[in-house]
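Encoded as structure tokens, the structure appears first; notes follow it.
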């Protein structure tokens, strides 16, 4: 410790080196002058006086040199000398250096890459002032004995906003929708979010250009205004600084652009256009949970305190409104936490996996260093004996470790840079805020910190093992006795066991995720997942009653012309396409005794209490060709036909699960249904057919009962329409399709994607996790195999003499091969057992990421053990063969 | 290397420097002079060892230095004891006294 303190003091003084140097000159000059004066007084001649003074001083340069030794620059000189020496030593062992640096680079690179994702997604604060004071508020509903958290109903929001004592500002946000926007620029689809009055007070971000909404913009009947994101403004509005005549058109509505937000602000959900929520009339139902609510905590109020406050208000509202509201409480979650809550666990698992890989990499390098230290022990002992201090030798070894680790760290940052680019290219939709991810200074700093910690750990570990023993015994024992290296061997064995165990855990994780992914891909989603493309259309809201009919006609025309495109085999359309195409609304319908039983909402309400007549289903409208184009099989009855006229009997097709749950043991065909609450059209449906199940949201979510109306009859629901063409996804066909839409309506923006892409995106989160864990575990397996190989090889090299003696004494080479293989097998076995114990612990952590695979999937576990076994065998086989070829005479002579 | 009379034993020079500074701050030459004087010219500090010792003691925090002007109007670095230096000197002194007494006892024992 004293050495360290000394080192610190020298380091502190390092900057003063130059001062002291010139000071010393002056000081010595002064000294000699005084001596000369004294000599003069004693009666010497001037030249003699000076000469005697110099003689007495005894060598100016030597004095300076000795004094200089007492101060600083030497430390840095020493250190850079150590580094240079370290580099030279490593250059003499290029294989060792290269393997070590690559291994460390791999470990540090993996850790840095995953850390950069964790940093960008989970740690980096949101781009608001004091972002930790912003919370997302949910109302907690209790309905039918079930409690769940939900968006706010507007009247509840209004009451909570008025009564709370916790928030300095509170705002509600309508759902973000992709609307078609036109104007004097290229038609496009923009993410539009209606925000209420205090939105900009909550986020505390103001437009960088123009203004926020004024009170006069925030009322029913006001001239519509809009604020746009910086990215949208640059991309579509030509970054025009003069906002005065800048308008956006969505259908008949014209929005005056009044402001542009600062770059990077796109809350919520990558919003491009914010509009005042107050343009629409207020909602009056306390069970219409349509608004996300965010709030800014007052100074000194914690999120927990605000929850108590909210619960108090909720209790009051429940007393006041009874069954009209379902709200019985509320919760507030810090916004960053809410945004990232689904990504948190998988990311931390990935970080853990990267940490495992790093430990395995360090263990490998440590093992390599040990092997080298073994052969350098004599060199180090000699140096110690010649008077080098232990600190000196430690510093030397530390310098070598630093050279290795810093090179490894630099390489790692390079790997991480490529790695992050590759990760981002996977575009996992389950990970939010990916735009924040990159190799920045924080990541570089962390990578460097990891390198230094690794360097110090490796350096000190090596020193302790290399210099910790009595000098004389080291110098004399050489290769002759085995006793000294037994501890060393044990440490190396322990390192390998650790590596095998960690690798097994990683491989088990990868195995389970692979099996899950295969299960996911094996699930029949109920429709074609390739060989087609989807045209996503959004028609603007319009007060014109003729507009929906016009949209239907346009859709029809597009579909007819699309059917003529070469390669297209079938065309159909639906309002909400599976795999992330829409809202997926569902609702409650009523089974009717006769077609005209219910003609108004009042009739509806009258039988609402008769639960046996109610049912819940997804509500979709589709074209007649939809089921064929999607490959959804017709189970019974018929689908829609061109003869189902808009003013004729409205017909419906239901999914098998709806038939089974609502009408078990009955034939639903011919039944009459009232589902007008979904689109405001109270004409009854007659069920004409049953079709196959569809996994809509993604293939991992089980299908739910679904109801299809005919889009020509239910025109109100067709504001969003997805046309799917099956048979080809060639770029020419897609280009033709885009041209067709543009010809028919030049103002309608076209968004086209292939079915394969849409499906790929729906499994992208899973693929992301799998690829990462997979790559890590393969890397871990390679490293662990190398580690095992290294240890067994070293063992054979160390015991060559012993093997020779054994052979001379009559052991067969098979015995010896078995002995070496046995050692490798033993290490692998112990590692496997330890790893399996760890894997049990792992499973409880990753169980949430599994799909259709048991916690103890025998295929995955057997596969992993097989892999480890094969790796261990490979790693031990070569050294074993070497042992078997030992020629006794040569070994005995080798000393 | 043969040891000459007047060479200062290694390790004792630090003690002598601390002792010389006990009364007042001094520059390097002054320290040499004082030690020579007190030792009746027996002890002559090799200058090659004085300055390293001064820098070492300063680094260890036992003395501190600053530049002052001498009576002849020249700039010189003056060294002064710190509190730690005083304490250290007291310890060294008692240690030295014990040691030298012990050595004397051994050397003066009559061995017929």
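The values are calculated or read from the model by the stated rules, or taken from the named source; none is laboratory data. Since this is a predicted model, take the numbers as computed values, not measurements. Backbone-built Cβ (ideal geometry, glycine too); neighbour counts: all protein chains shown.
Things to note:
- Within segment B:46-65, being in contact with a strand residue (DSSP E or B) (Cβ under 8 Å, 6 or more places away or on another chain) and either part of a helix (DSSP H, G or I) or away from chain A (no Cβ under 11 Å) (or both) holds for B:54, B:57, B:58, B:62, B:63, B:64.
- Residue list for segment B:72-94, filter: within 14 Å of chain A (Cβ to nearest Cβ) and either touching a helix residue (DSSP H, G or I) at 6+ places or on another chain (Cβ under 6 Å) or more than 9 Å from residue B:62 (Cα to Cα) (or both): B:72, B:73, B:74, B:75, B:76, B:77, B:78, B:79
- Some residue of segment A:269-277 being surrounded by 16 or more Cβ atoms within 10 Å (Cβ to Cβ) and in a loop (DSSP other than H, G, I, E, B): yes
- Subset of segment A:803-814 that is assigned to a helix (DSSP H, G or I) and loosely packed, with under 14 Cβ neighbours inside 10 Å - its residue that is nearest to the chain's Cα centre (by Cα): A:814
- Check on residue A:221, at pLDDT below 90, under 37 Å from the mean Cα position of the chain (by Cα) and either outside any strand (DSSP E or B) or buried (at least 21 other Cβ atoms within 10 Å of the Cβ) (or both): no
- Some residue of segment A:784-798 being more than 45 Å from the chain's Cα centre (by Cα) and more than 14 Å from residue A:878 (Cβ to Cβ): yes
- Residue in segment A:524-543 that is within 30 Å of residue A:775 (Cα to Cα) and out of contact with any helix residue (DSSP H, G or I) (no Cβ under 9 Å at 6 or more places or on another chain) present: yes
- Evaluating residue A:194 against the criteria (1) assigned to a helix (DSSP H, G or I); (2) touching a helix residue (DSSP H, G or I) at 6+ places or on another chain (Cβ under 7 Å) leaves one unmet condition, (1).
- Residue check, residue B:75 over 12 Å from the mean Cα position of the chain (by Cα) and either within 12 Å of residue A:27 (Cβ to Cβ) or in contact (Cβ under 8 Å) with a residue 60 or more places away in the chain (or both): yes
- Among the numbered conditions (1) assigned to a helix (DSSP H, G or I); (2) touching a helix residue (DSSP H, G or I) at 6+ places or on another chain (Cβ under 6 Å), the only one that residue A:829 does not meet is (2).
- Verdict on residue A:617 being surrounded by 14 or more Cβ atoms within 10 Å (Cβ to Cβ) and under 19 Å from residue A:719 (Cα atoms): no
- The number of residues in segment A:57-67 that are at the interface with chain B (Cβ under 7 Å from one of its Cβ atoms), in a helix (DSSP H, G or I) and closer than 17 Å to residue B:32 by Cα comes to 3.
- Being assigned to a strand (DSSP E or B), in contact (Cβ under 8 Å) with a residue 24 or more places away in the chain and touching a helix residue (DSSP H, G or I) at 6+ places or on another chain (Cβ under 6 Å) holds for only one residue in A:791, A:752, and it is A:752.
- Tallying residues that are buried (at least 19 other Cβ atoms within 10 Å of the Cβ) and either more than 13 Å from the chain's Cα centre (by Cα) or at the interface with chain A (Cβ under 9 Å from one of its Cβ atoms) (or both) within segment B:23-45 yields 5.
- Residue in segment A:23-52 that is nearest to residue B:74 (Cα to Cα), counting only those that are more than 10 Å from chain B (Cβ to nearest Cβ) and surrounded by 15 or more Cβ atoms within 10 Å (Cβ to Cβ): A:36
- The test for being buried (at least 20 other Cβ atoms within 10 Å of the Cβ) and part of a helix (DSSP H, G or I) holds for residue A:111.
- Test result for residue A:113, within 11 Å of chain B (Cβ to nearest Cβ) and modelled with pLDDT of 80 or more: no
- Options A:514, A:529: the member that is surrounded by fewer than 24 Cβ atoms within 10 Å (Cβ to Cβ), under 19 Å from residue A:630 (Cα atoms), touching a residue at least 60 places away in the same chain (Cβ under 8 Å) and within 26 Å of the chain's Cα centre (by Cα): A:529
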